[in-house]
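K.L.:
Dropping the structure in here first, questions after.
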Amino acid sequence: MNMESRETIINNLIKEVTQQINQKFISLEKIQNYLKNYNKFFTISEIEEYQEKISMLKYLTFTNEEIEVNIYYILEIKKYLIDLREKKGKFIRKIYNECINSLCGYQFFFDFIMKSEFYFKNNKHYFKKEEIEKYNKLWFELEIENALILSDNEELKIKQKWNKNYENILRQVEEMLLYLDSLDI
């Protein structure tokens, strides 16, 4: 599973939908099960939402008098596909912002570490295997810092460890941010 394939699939489908709009010819056969045929690249909810949008077209009559209505629904499908293509970027920006916020204090750092462990793994349809492995490696380095800080139960000692290790944490968070910046969105 790699991102180029997901993006290529979406781009090809957008191209097909655009052609149908330009030709004022709607063929459900070509676009109906398109995402379903590539289900390993899309979540179930993405496929279901696409199918729901396609199902609206099934009830329309494809006559010249109603072509504008049909094109409206096809444009809705095209808009949805464009939104699908932008999902990876939104997801990466979310992680990026959480990563920056993790520097605000040890509690923020702890929260980020707890929430972000499986971000890439749970959203693997966006990423290549190598990207997931690199993220996991960087995340694990941050987890080690988190474990060192939280190895004490006293809040004063935790704060002291946070302050003592802050430069190292900052360097590792910067490394994560640079990695997130390097990903194609």
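The values are calculated or read from the model by the stated rules, or taken from the named source; none is laboratory data. None of these values were measured; they are calculated from a predicted model. Note that we place each Cβ from the backbone using ideal geometry, even for glycine, and neighbour counts take in every protein chain shown.
K.L.:
Filter the range 158-185 down to the residues that are hydroxyl-bearing (S, T, Y) and under 21 Å from N122 (Cα atoms), then identify the one that is surrounded by the fewest Cβ atoms within 10 Å (Cβ to Cβ).
P.N.:
Looking at the filtered set, the residue picked out is S182.
K.L.:
Taking the condition loosely packed, with under 15 Cβ neighbours inside 10 Å and part of a helix (DSSP H, G or I), does M114 pass? Can you show your working first?
P.N.:
Working: loosely packed, with under 15 Cβ neighbours inside 10 Å: yes; part of a helix (DSSP H, G or I): yes.
Judged against the criteria, M114 is a match.
K.L.:
Let me ask you something else. State whether one or more residues within the range 93-111 are outside any helix (DSSP H, G or I) and buried (at least 19 other Cβ atoms within 10 Å of the Cβ).
P.N.:
No, there is no match, as no residue in the range 93-111 is outside any helix (DSSP H, G or I) and buried (at least 19 other Cβ atoms within 10 Å of the Cβ).
K.L.:
Which one is surrounded by the fewest Cβ atoms within 10 Å (Cβ to Cβ) among residues in the range 119-157 that are farther than 23 Å from Y38 by Cβ and aromatic (F, W, Y)?
P.N.:
Selected residue: F140.
K.L.:
Quick one: which of L81, L57 is crowded, with 17+ Cβ neighbours inside 10 Å, within 20 Å of Q23 (Cβ to Cβ) and under 17 Å from the mean Cα position of the chain (by Cα)?
P.N.:
L81
Yes/no per residue for (1) more than 17 Å from L75 (Cα to Cα); (2) exposed (fewer than 14 other Cβ atoms within 10 Å of the Cβ); (3) not small (G, A, S):
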residue	(1), (2), (3)
T8	yes, yes, yes
N22	no, yes, yes
F25	no, yes, yes
I31	no, no, yes
Y34	no, no, yes
Y38	yes, no, yes
F41	yes, no, yes
I44	yes, yes, yes
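K.L.:
Looking for whichever is of a type outside the set (F, W, Y) and under 21 Å from F41 (Cα atoms) here; the options are E98, E133, E167. Which one fits?
P.N.:
E133
K.L.:
Determine whether the range 172-180 contains at least one residue that is touching an Asp or Glu at 6+ places or on another chain (Cβ under 6 Å) and either at pLDDT 90 or above or not acidic (D, E) (or both).
P.N.:
Scanning the range 172-180, I find at least one residue that is touching an Asp or Glu at 6+ places or on another chain (Cβ under 6 Å) and either at pLDDT 90 or above or not acidic (D, E) (or both), so the answer is yes.
K.L.:
A further question on this structure: Out of L156, L75, L81, I need the residue that is assigned to a helix (DSSP H, G or I), modelled with pLDDT under 95 and in the same structural domain as L177 (by TED's automatic domain parsing). Which one?
P.N.:
Every option except L156 fails the conditions.
K.L.:
Going by the conditions given, is E86 loosely packed, with under 15 Cβ neighbours inside 10 Å, out of contact with any helix residue (DSSP H, G or I) (no Cβ under 6 Å at 6 or more places or on another chain) and within 30 Å of Y59 (Cα to Cα)? Break it down stepwise before answering.
P.N.:
Numbers: loosely packed, with under 15 Cβ neighbours inside 10 Å: yes; out of contact with any helix residue (DSSP H, G or I) (no Cβ under 6 Å at 6 or more places or on another chain): yes; within 30 Å of Y59 (Cα to Cα): yes.
The answer is yes for E86.
K.L.:
Ok, one more. Cβ-Cβ distance below 8 Å, separation of 6 or more or different chains: which pairs start in the range 165-185 with a residue that is touching a residue at least 24 places away in the same chain (Cβ under 8 Å) and end on one that is aromatic (F, W, Y) and assigned to a loop (DSSP other than H, G, I, E, B)?
P.N.:
L183/F127
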